[in-house]
Amino acid sequence: MKLSIEQYQNYLKETEPAERAVSAKFDLNQAGFEQLATALIDNLQELLDEGRLGFSSYEATAEPAVKFSLEMSPVNLPMVDFKKVNQFFEDETALVPLKIYLVTRSEFINVSKLHIDLLGESDQDLSADDLAKMLAEKYAIIVDTFKNPPAPKPEPKPAAKKTATKKRTTKKTTTKKAAAKKTTTKKATTKTTKKATTKKATTAKKKTTAKKTAAKD
């Protein structure tokens, strides 16, 4: 199947991708993965024959939990991220092959909890043997991480709080000294005025006495 990026995105904007879940239960071992691979491809082929965009899926809920899905996409992005597909193509109207990817979702697969692998193109026969090997490899990683979880990263120590040093405030005595000087000036002025008044009074008395003496003569 071939379609343009514009067609792919417009379709998924208007229609939810169809999901064909595998209902049978399988042991997650070599024989079980071979049976699961065939079931996933068969369910996906039904959607392709109907001309519908979607994916087949299988979910194991027992720990370590995992969900496998075969998804249709022009580029290695899960279908939930279809809005980003145009970022990988210059011409959104050109026809491109629709590819099939195995998408593994698990808390224990990696940090992003998602891994995507190319299985083949939608217009080619998909290999159940290749898919079974991919399923076994991914599940082995999940089991190993589940049994041997990575050591948690040490939490960063909180930064030590800086103690603010209190600044000592010194009282300024300049104003008081200035006031004291002003007071002294006032006192000095008062004394000078008094002395000047006293001298004038004495001089006046002398003049009066002189006038009286002259009158007697």
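What to note about this one:
- Subset of segment 14-28 (residues that are of a type in the set (S, T, N, Q) and more than 22 Å from Val80 (Cβ to Cβ)): Ser23
- Count - residues of segment 71-117 that are surrounded by 18 or more Cβ atoms within 10 Å (Cβ to Cβ) and among the charged types (D, E, K, R): 3
- Failed condition for Leu48, given (1) touching a residue at least 40 places away in the same chain (Cβ under 8 Å); (2) touching a helix residue (DSSP H, G or I) at 6+ places or on another chain (Cβ under 9 Å); (3) under 15 Å from Gly120 (Cα atoms): (2)
- Among residues of segment 115-132 that are more than 20 Å from Gln35 (Cα to Cα) and in the same structural domain as Leu102 (by TED's automatic domain parsing), those with a Cβ under 6 angstrom from a residue that is among the hydroxyl-bearing types (Ser, Thr, Tyr) and surrounded by 14 or more Cβ atoms within 10 Å (Cβ to Cβ), sequence gap 6+ or separate chain, pair up as His115/Thr104; Ile116/Tyr101.
- Among the residues of segment 11-60, those identified as surrounded by 14 or more Cβ atoms within 10 Å (Cβ to Cβ), among the polar types (S, T, N, Q) and not in a strand (DSSP E or B) are Gln35, Thr38, Asn43, Gln45.
- In summary, Pro64 fulfils each of the numbered conditions (1) within 17 Å of Lys13 (Cβ to Cβ); (2) in a loop (DSSP other than H, G, I, E, B) with the single exception of condition (1).
The values are calculated or read from the model by the stated rules, or taken from the named source; none is laboratory data. It should be emphasised that the depicted structure is a prediction, and the values quoted were computed from it without experimental measurement. All Cβ positions, even for glycine, are placed from backbone atoms using ideal geometry, and neighbour counts span all protein chains on display.
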